[in-house]
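Chemist: One structure, pasted below without further comment.
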Amino acid sequence: MTLIKSISGIRGTIGGKVGNNLTPIDTVKFASAYGSWVKKNSGKQNPKVVVGRDARLSGSMVQQLVMNSLIGLGIDVIDLGLSTTPTVEIAVPLEAADGGIILTASHNPKQWNALKLLNNKGEFLNANNGAEILAIAESDAYTFSEVDDLGIIKENTTYIDRHIDLVLDLALVNVNKVKEAKFKVVVDAVNSTGGIAIPKLLKKMGVEVIELYCEPTGHFPHNPEPLKEHLGDLAKKVVETKANLGLTVDPDVDRLAFMCEDGTMFGEEYTLVACADYVLGKTPGNTVSNLSSSRALRDITVKHGGVYIASNVGEVNVVATMKATNAVIGGEGNGGIIYPESHYGRDSLVGVALFLSHLAEKKYSISELKASYPTYFMSKNKITLTPELDVDNILKAMAKKYEKEEVTTTDGVKVDFPENWVHLRKSNTEPIIRIYTEAKTQKEADNLAIDMIKDIKEISGI
């Protein structure tokens with residue numbers, strides 16, 4: 001069982017011992033640290049924080065602990081209840097709130113939960129903000145409010161509908177074209193809040209929806225990470241219903257992956273590629289993705305006359321680089337779309353609307369659309385960390401070993417070879433080293449990963 005404290009929040013497994021897991025004590029501690037930081041930075045006696053959660057089984061318990069910790073500090077809470085990460089992000093500025101908390105462990109299995117923390121713009125905290133909150137938590141420097149100054153909780157369950165309306169109002173979302181296309185789409189929402197939001201959005205766009213695991217019970221029917229090996233039921237349903245495509249989101253709806261009409265994966269890396277192709281075709285400009293994302297986005301950006309920039313991994317880093325380069329679209333290769341015309345956060349609702357607009361205008365099948373893009377294959381692997389592994393020394397040794405290649409060390413170690421690349425980094429959300437490779441064939445990508453794992457084992461002695 002695990003507790004991970006990082007600049008982006010606190011993530012852990014439910015149950016177990018205090019300090020080793022996300023127990024009620026740890027939840028109150030970090031909610032109080034965040035609330036104390038909000039009060040200090042807002043300068044208000046009664047600041048306001050938006051709170052929403054995905055449907056995982058521990059969500060209600062964790063939310064009550066968080067909200068009551070905040071009101072104990074004199075903070076007013078806007079309770080969105082069952083929601084999505086991008087919906088909470090949108091709600092923060094609309095409510096003129098001073099921050100937001102999303103209670104979700106994203107793609108992690110059901111035993112996990114987390115507090116993902118936002119600033120007053122509805123964006124993830126930067127490194128300095130996160131470090132301040134961790135310092136407050138370690139010092140137990142909380143001052144709670146007296147009885148006459150307690151905060152209040154106000155429920156507002158309208159924001160998913162408001163979010164959908166804002167997406168449909170985006171200039172590049174072509175609802176009429178999508179309606180004309182008469183798409184049939186299978187949706188796998190892994191029994192979380194995507195099952196509320198995505199079918200509603202699609203129906204408003206005139207799409208025939210076949211719902212698969214769309215009841216927000218929190219009982220995930222399969223591993224919730226939207227990868228090919230977890231989506232056998234979706235593939236089967238797409239083929240047997242003769243749907244135009246399938247789509248799936250993770251539990252908090254900031255990752256989006258599509259499936260072709262024949263039950264094969266469109267590829268989560270290509271979610272951003274396709275949306276960027278559409279946006280760049282209408283509004284030329286620059287793009288950003290992280291160091292672990294496909295070269296295909298670079299190729300598409302250059303084709304449209306723009307400049308591609310790679311950021312460090314992490315949404316906050318992608319957003320900072322997008323702002324610095326005035327990027328018109330960006331995101332992460334895990335299926336996360338960030339479209340500034342909406343907001344600076346990964347948003348599957350925006351991704352669905354842009355993707356279907358693109359598909360409808362092209363009048364392609366989804367497999368034909370995939371075939372129109374540069375072909376790359378990725379291999380995503382990991383090594384579980386143990387206390388005796390010195391990750392920093394391992395990564396330094398790997399950088400030294402391949403120093404004659406193009407090496408980037410701003411975020412782990414990325415080695416760019418002429419025809420392929422590998423990115424090695426310690427995860428911010430799990431106790432693992434991630435090993436991502438990309439090449440022109442799956443075999444080459446897999447073999448490169450095998451070689452890198454072998455190198456790591458030789459260096460570390462495991």
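Chemist: Mind listing whichever residues of the range 371-396 are more than 22 Å from the chain's Cα centre (by Cα), within 12 Å of Leu424 (Cα to Cα) and surrounded by 12 or more Cβ atoms within 10 Å (Cβ to Cβ)?
Modeler: Across the range 371-396, the qualifying residues are Val391, Ile394, Leu395, Lys396.
Chemist: Mind telling me which of the residues Val302, Val352 ends up being under 28 Å from Arg162 (Cβ atoms), outside any strand (DSSP E or B) and touching a strand residue (DSSP E or B) at 6+ places or on another chain (Cβ under 9 Å)?
Modeler: Val352
Chemist: Test Ala360 against the criterion of being in a helix (DSSP H, G or I) and more than 30 Å from Leu170 (Cβ to Cβ), and give yes or no.
Modeler: Working: in a helix (DSSP H, G or I): yes; more than 30 Å from Leu170 (Cβ to Cβ): no.
No: the conditions fail for Ala360.
Chemist: Something else now. Any residue in the range 167-179 that is surrounded by fewer than 16 Cβ atoms within 10 Å (Cβ to Cβ) and either touching a Cys at 6+ places or on another chain (Cβ under 9 Å) or among the hydroxyl-bearing types (Ser, Thr, Tyr) (or both)?
Modeler: no
Chemist: Looking at (1) in a loop (DSSP other than H, G, I, E, B); (2) without any contact (Cβ under 8 Å) to a residue 24 or more places away in the chain, can you tell me which one Arg346 breaks?
Modeler: The one condition Arg346 does not meet is (2).
Chemist: Please specify each residue of the range 417-453 satisfying the condition of being within 20 Å of Asn393 (Cα to Cα) and either in contact with a Phe, Trp or Tyr (Cβ under 9 Å, 6 or more places away or on another chain) or acidic (Asp, Glu) (or both).
Modeler: Val422, His423, Leu424, Arg425, Glu430, Tyr436, Ala449, Asp451, listed by residue number.
Chemist: OK, next. Is it the case that some residue within the range 167-181 is of a type in the set (A, V, I, L, M, F, W, C), in a helix (DSSP H, G or I), on the phi < 0 side of the Ramachandran plot and not assigned by TED's automatic domain parsing to the domain that holds Val253?
Modeler: Checked against the condition, which is being of a type in the set (A, V, I, L, M, F, W, C), in a helix (DSSP H, G or I), on the phi < 0 side of the Ramachandran plot and not assigned by TED's automatic domain parsing to the domain that holds Val253, the range 167-181 yields no hits at all.
Chemist: Please name all residue pairs, on different chains or six or more residues apart, with Cβ atoms under 6 Å, provided the first residue is in the range 50-65 and is closer than 11 Å to Val88 by Cα and among the charged types (D, E, K, R) and the second residue is in a strand (DSSP E or B) and modelled with pLDDT of 95 or more.
Modeler: Sorted first by the residue in the range 50-65, then by its partner, the pairs are Arg53/Leu103.
Chemist: Whether any residue in the range 204-216 is part of a helix (DSSP H, G or I), hydrophobic (A, V, I, L, M, F, W, C), more than 14 Å from Ala353 (Cα to Cα) and touching a Ser or Thr at 6+ places or on another chain (Cβ under 7 Å) is what I want to check. Write out each step before concluding.
Modeler: Narrowing the range 204-216 to residues part of a helix (DSSP H, G or I): 204.
Imposing the further condition that a residue be hydrophobic (A, V, I, L, M, F, W, C) reduces the set to none.
There is no residue in the range 204-216 that is part of a helix (DSSP H, G or I), hydrophobic (A, V, I, L, M, F, W, C), more than 14 Å from Ala353 (Cα to Cα) and touching a Ser or Thr at 6+ places or on another chain (Cβ under 7 Å).
Chemist: If you don't mind, another one. Conditions first: (1) buried (at least 19 other Cβ atoms within 10 Å of the Cβ); (2) among the acidic types (Asp, Glu); (3) within 30 Å of Lys242 (Cα to Cα). Glu361 passes all but one, so which condition is the exception?
Modeler: Here Glu361 meets the rest and fails (1).
Chemist: List the residue pairs whose Cβ atoms are under 6 Å apart, where the first residue sits in the range 164-183 and is touching a residue at least 60 places away in the same chain (Cβ under 8 Å) and farther than 13 Å from Gly206 by Cα, the second is among the basic types (Lys, Arg) and surrounded by 12 or more Cβ atoms within 10 Å (Cβ to Cβ), and the two are 6 or more positions apart or on different chains.
Modeler: Matching pairs, first to second residue: Ile164/Lys200; Leu172/Lys282.
Chemist: Considering only the range 345-370, state which residues are within 12 Å of the chain's Cα centre (by Cα) and either more than 21 Å from Val187 (Cα to Cα) or of a type in the set (Lys, Arg) (or both).
Modeler: Within the range 345-370, Gly345, Arg346 meet the criteria.
Chemist: Moving to a separate point now. Might you let me know whether the range 321-341 holds any residue that is out of contact with any helix residue (DSSP H, G or I) (no Cβ under 8 Å at 6 or more places or on another chain) and of a type in the set (Val, Ile, Thr)?
Modeler: Yes, there is a match, as at least one residue in the range 321-341 is out of contact with any helix residue (DSSP H, G or I) (no Cβ under 8 Å at 6 or more places or on another chain) and of a type in the set (Val, Ile, Thr).
Chemist: Looking at the structure I just gave you, is Ser83 hydroxyl-bearing (Ser, Thr, Tyr) and free of Cβ contacts under 8 Å to residues at least 40 places away in the same chain?
Modeler: No, not satisfied.
Chemist: Out of (1) over 20 Å from Asp254 (Cβ atoms); (2) of a type in the set (A, V, I, L, M); (3) surrounded by fewer than 24 Cβ atoms within 10 Å (Cβ to Cβ), what's the single condition that is false for Leu82?
Modeler: Unmet condition: (1).
Chemist: Next question, about the same structure. Count, please, the residues in the range 105-157 that happen to be in contact with a helix residue (DSSP H, G or I) (Cβ under 9 Å, 6 or more places away or on another chain), surrounded by fewer than 18 Cβ atoms within 10 Å (Cβ to Cβ) and under 30 Å from His219 (Cα atoms).
Modeler: 2
Chemist: Where the second residue is in a strand (DSSP E or B) and of a type outside the set (Phe, Trp, Tyr) and the first is farther than 11 Å from Glu269 by Cα and touching a residue at least 24 places away in the same chain (Cβ under 8 Å) and lies in the range 373-384, which pairs have Cβ atoms under 6 Å and are six or more apart or on separate chains?
Modeler: Cβ pairs passing all conditions: Ser379/Thr437; Asn381/Ile435; Lys382/Ile432; Lys382/Arg434; Ile383/Ile433; Thr384/Ile432.
The values are calculated or read from the model by the stated rules, or taken from the named source; none is laboratory data. What you see is a predicted model, and the numbers here were worked out from it, not measured in a lab. Backbone-built Cβ (ideal geometry, glycine too); neighbour counts: all protein chains shown.
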